[in-house]
1. Considering only residues that are among the hydrophobic types (A, V, I, L, M, F, W, C) and either exposed (fewer than 14 other Cβ atoms within 10 Å of the Cβ) or within 16 Å of the ligand (Cβ to nearest atom) (or both), which ones fall in region 122-145?
2. Checking Leu241 against (1) among the aliphatic types (A, V, I, L, M); (2) surrounded by fewer than 20 Cβ atoms within 10 Å (Cβ to Cβ); (3) not in a loop (DSSP other than H, G, I, E, B), which test does it fail?
3. Please work out which residue is farthest from the ligand (Cβ to nearest atom), limiting yourself to region 264-289 and to residues that are surrounded by fewer than 17 Cβ atoms within 10 Å (Cβ to Cβ) and within 15 Å of the chain's Cα centre (by Cα).
4. Does Val12 qualify as being part of a helix (DSSP H, G or I), within 20 Å of Pro322 (Cα to Cα), under 26 Å from the mean Cα position of the chain (by Cα) and of a type in the set (Val, Ile, Thr)?
5. Of all the residues that make up region 58-101, how many are more than 12 Å from the ligand (Cβ to nearest atom), under 18 Å from Asp42 (Cβ atoms) and buried (at least 17 other Cβ atoms within 10 Å of the Cβ)?
6. Could you check, for region 10-30, whether at least one of its residues is within 16 Å of the ligand (Cβ to nearest atom), touching a Ser or Thr at 6+ places or on another chain (Cβ under 8 Å) and charged (D, E, K, R)?
7. Which one is nearest to Val68 (Cα to Cα) among residues in region 80-108 that are assigned to a helix (DSSP H, G or I) and free of Cβ contacts under 8 Å to residues at least 60 places away in the same chain?
8. Only one of these conditions is not met by Met119: (1) within 16 Å of the ligand (Cβ to nearest atom); (2) of a type in the set (A, V, I, L, M, F, W, C); (3) crowded, with 23+ Cβ neighbours inside 10 Å. Which number is it?
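The values are calculated or read from the model by the stated rules, or taken from the named source; none is laboratory data. Note that the structure is a prediction, hence the values are computed from the model and not measured. Glycine also receives a Cβ, built like all others from the backbone with ideal geometry; neighbour counts cover every protein chain displayed.
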Amino acid sequence: MSSPPAPSRPAVLVARAVFPEVVERLRRHFEVEDNPADEIFDKAALITRLAGKAGAFTTGSERIDADVLAASPSLRVVANMAVGYNNLDIAACTARGVLATNTPDVLTETTADFGFALMMAAARRITESEHFLRRGEWDRWAYDMFTGSDVHGATLGILGMGRIGQGIARRGAHGFGMKVIYHNRNRLDAELEGRLAARYVDKATLLAEADHLVLVLPYSPQSHHAIGSAELALMKPTATLTNVARGGIVDDAALADALRERRIASAALDVFEGEPKVHPDLLTVPNVVLTPHIASATVATRRAMAELAADNLIAALTGGRPPAPVNPQVLLGGVLPPR
Ligand code: GLV
């Protein structure tokens with residue numbers, strides 16, 4: 001007697017190389033097509049790979065837009081291994097009943113650590129002076145060699161006061177005795193402002209008063225070039241600017257000009273317009289710290305992000321409640337509509 005066919009399991013695409021244990025975990029639930037060679041799929045390749053897939057495990061490098069969604073009618077869940085999700089067209093996902101999920105919380109403190117480290121590196125000219133040393137140019141002590149600006153006691157300005165912004169505010173206020181000012185779409189409640197010792201100001205005041213300005217706001221058409229030449233012109237010539245948010249929030253060409261002309265003292269960037277390409281002018285100005293989008297990159301945090309993305313995918317496709325839905329309206333009582 002032939003046995004009945006095994007119930008078919010949903011197929012999912014893991015679009016980039018991730019921890020093998022996480023892929024193995026997904027294999028316990030799904031037919032998994034993974035990408036251990038870590039190829040970068042362009043739109044056409046992504047569409048080909050998504051054929052017949054119910055789920056996609058993505059990272060910030062995959063753009064899931066209306067075209068990809070239209071060409072992938074079997075897709076029900078996109079689990080993004082990132083807290084940001086500007087690579088996903090959420091309105092188009094929602095319109096098609098595709099659930100999008102992200103990985104908040106698990107990277108907050110790690111990213112805040114890194115934002116603070118970048119800000120300190122810009123203020124104290126750490127990479128600029130290291131390059132000088134590596135070039136063999138250090139032949140004497142000098143009273144004004146690589147003098148920067150203090151972090152302790154200075155005014156920390158934060159644009160975007162979500163979880164990561166609050167983490168940076170806590171470090172500044174409670175660890176370094178900084179005066180913290182912030183601007184955000186929504187003002188925090190008074191109790192939280194009190195705990196963070198943070199004062200809400202308008203954007204122009206933030207730009208004018210900050211000694212160290214840190215950007216932590218999500219990217220959207222509204223935040224595109226939130227810092228351009230007009231905003232840079234409002235900053236102190238001694239100020240630093242740190243971006244751990246998203247490329248495109250800063251006009252990188254305008255920033256390179258401002259740095260070259262010393263209209264601000266220095267900058268530190270982990271994210272870039274059009275990354276992994278970097279504006280060539282940023283590569284030739286000395287007073288900028290450049291890192292390749294690694295703010296969340298500790299082993300523990302990247303693992304936690306991958307596990308959370310897997311939790312989201314597994315729950316969404318097995319009738320559970322995904323822990324971090326971005327468009328929860330797609331969930332009807334915790335169960336995705338059948339296809
Ligand atoms: C990293 O940039 C993230 O959004 O998680």
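1. Matches in region 122-145: Leu133, Trp138, Trp141, Ala142, Met145.
2. Among (1) among the aliphatic types (A, V, I, L, M); (2) surrounded by fewer than 20 Cβ atoms within 10 Å (Cβ to Cβ); (3) not in a loop (DSSP other than H, G, I, E, B), the lone unmet condition for Leu241 is (2).
3. Filtering first and then ranking leaves Gly274.
4. Considered against the rule, which asks whether it is part of a helix (DSSP H, G or I), within 20 Å of Pro322 (Cα to Cα), under 26 Å from the mean Cα position of the chain (by Cα) and of a type in the set (Val, Ile, Thr), Val12 comes out as no.
5. Of the residues in that region, 8 qualify.
6. yes
7. Ala92
8. Against the list (1) within 16 Å of the ligand (Cβ to nearest atom); (2) of a type in the set (A, V, I, L, M, F, W, C); (3) crowded, with 23+ Cβ neighbours inside 10 Å, Met119 comes up short only on (1).
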